[in-house]
Amino acid sequence: MELEGSVEEIIYQNEINGYTICSFETREEIITAVGYLPFINKGDNLKLIGKYVIHQDYGRQFKIDTFEKILPQTKDAMEKYLSSGIFKGIGPATAKKIVEAFGDETIAVLKFEPLKLTQIRGINEEKAKEIACEFNEKWELWNIVSFLERFGISSSNAKKVYDVLGVNAIHEIEINPYVLIDITYGVDFKKIDKMAMNLGLPYNSDKRIESGIKYALIFATYNGHTCIQKENLIQFVINMLDVESEYIKNSLINLNVKKEIMIEKREDNEWIYLYPFYKAEQNIAEKIKVLISCKNSKFIKNFDSECKKQDKLLDIKLSEKQKEAVEAVNNNNVCIITGGPRDRENNHN
């Protein structure tokens, strides 16, 4: 379902990922819209694509799947947009003067001939350039969102892409679409790979293969693995990219030199980590060593009698496995307990 209208009020906006709740005015009514709308401001004209849902606390809302910014279609809409407060130095009176002076050509003047704004009383050359620069910068943000949407990359990722790559994001992505693998989490590698192929990158380029390796390692983390055996990794990348193993082996060497991955030898096998995960595991191991060597300040000498007292005080009875788990915590500085809280057969070590 599509709705067209303008943002009347921002009720809530997450500055990190752009998740937004806003009042949205269509020709028929004002509704509450919710979803990822990075870079939107009060007064923006949008096309929303999504569906109506019923929130148990807040009632009827329009849940946004995707969106598109549209230029103000009328003079009134343009005046409202310019006077919304998002452009420094333009208030309602100045916005009205600009639209009255340039009419349907207002956007063209702001984008391509900003010095014409000096015809408006109170706008000097410096201010004209500032207004035009801000207008065009905001428009570039929207272009980034639209560009990513074309390749199936959601607007929830657009804010992070802009934060890392800035206003030149589209240019940077066109040079190397695989940069998105390093920036965003949970994106579909196949879509980025297709984007790269459409933009003319060779199938056996270093950028493609190195990104394929990093994606494979990221993909493994979805199943709880921080590393992959080298031969399994190579086979996965061969199947995904349809490239020869020698290309992959060369890329592994390059990534290792750049400290983007870590290759760890264990007996007769080699295991591949993303470098940050390797460092994280190394840090955890070092912290555990420190904890083990410390004095056990929480140790309770008369453990069995204290347990019975607490059972009686709290009116509970621990199972044998639960007692073992509590005793393990008492006796050791480091203790790993597995299994759900309702599981009476908890394993521990």
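The table for this structure:
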quantity	calculated
For the chain, convex hull of alpha carbons as volume per residue, Å³	249 Å³
FRET efficiency estimate (nearest 0.05) - Cβ-Cβ, residue 250 to residue 143, R0 41 angstrom	0.70
Segment 75-144: radius of gyration and largest Cα-Cα distance (Dmax), Å	10.9, 34
Environment charge of residue 167, counting only residues whose C-beta is closer than 13 Å and scoring Lys/Arg +1, Asp/Glu -1	-4
MRE, 222 nm, helices only [DSSP H, n ≥ 4, -39500 (n - 2.57), over the chain, to nearest 500]	-15000 deg cm²/dmol
Computed over segment 1-82, the ratio Rg/Rh where both radii use C-alpha atoms and Rh is Kirkwood	0.95
Dipole magnitude (debye, nearest 20) for segment 2-69, charges at Cβ of Lys, Arg, Asp, Glu	140 debye
Cα-based reach from residue 298 at 17 Å (exclusive), listing aspartates and glutamates while leaving out same-chain residues under 8 positions away	306, 324, 327
Label-point gap, in nm, between residue 203 and residue 121 - each point 7 angstrom along Cα→Cβ	6.9 nm
Efficiency of FRET between residue 15 and residue 174 - r from beta-carbon atoms, R0 25 angstrom, step 0.05	0.35
Longest exposed-site-free window of the chain, the sites being GluC sites (Glu not before Pro) in a DSSP loop that have at most 14 other C-beta atoms within 10 Å	30-243
Exposure proxy ranking, count of Cβ atoms within 10 Å, fewest first, for 94, 338, 106	338, 94, 106
Residue exposure sequence - 163, 57 - by fewest surrounding Cβ within 10 Å	57, 163
Contact order normalised by residue count of segment 246-302, Cα under 8 Å, 6+ apart, percent	19 percent
Net length gained if the chain between residue 41 and residue 242 were fully extended (0.36 nm per residue, minus Cα distance)	67.9 nm
Coil-residue trypsin sites (Lys or Arg not before Pro) of segment 45-134, DSSP, other Cβ within 10 Å capped at 11	88, 121
Full-stretch length increase - residue 269, residue 107 - with 0.36 nm per residue and alpha-carbon distance subtracted	52.1 nm
Rough spin-label spacing in nm, given labels placed 7 Å along Cα→Cβ, for residue 291 and residue 183	3.7 nm
Longest segment of the chain lacking chymotrypsin sites (Phe, Trp or Tyr not before Pro) that sit in a DSSP loop with at most 16 other Cβ atoms within 10 Å	59-184
Virtual spin-label span in nm between residue 55 and residue 164, 7 Å along Cα→Cβ	3.0 nm
Between segment 168-234 and segment 22-101, the alpha-carbon center distance in angstrom	35 Å
Over segment 159-275, equivalent-ellipsoid semi-axes from the Cα gyration tensor in Å	25, 16, 12
Potential extension, residue 259-residue 93 segment - 0.36 nm per residue separation minus Cα distance	54.1 nm
Hits among lysines - C-alpha to C-alpha of residue 265 under 23 Å, sequence gap 8 or more where chains match	214, 230, 249, 279, 287, 289
Relative contact order (%) - the chain, alpha-carbon pairs under 8 angstrom, separation at least six	8 percent
Sum of side-chain charges, residue 214 neighbourhood, beta-carbon under 9 Å (Lys, Arg +1; Asp, Glu -1)	-3
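No lab work stands behind these numbers, since they all come straight from the coordinates. Just so we're clear, the structure is a prediction, and the values are computed from it rather than from any experiment. A quick note on method: Cβ atoms are made from the backbone with ideal geometry, for glycine too, and the neighbour counts reach across all protein chains shown.
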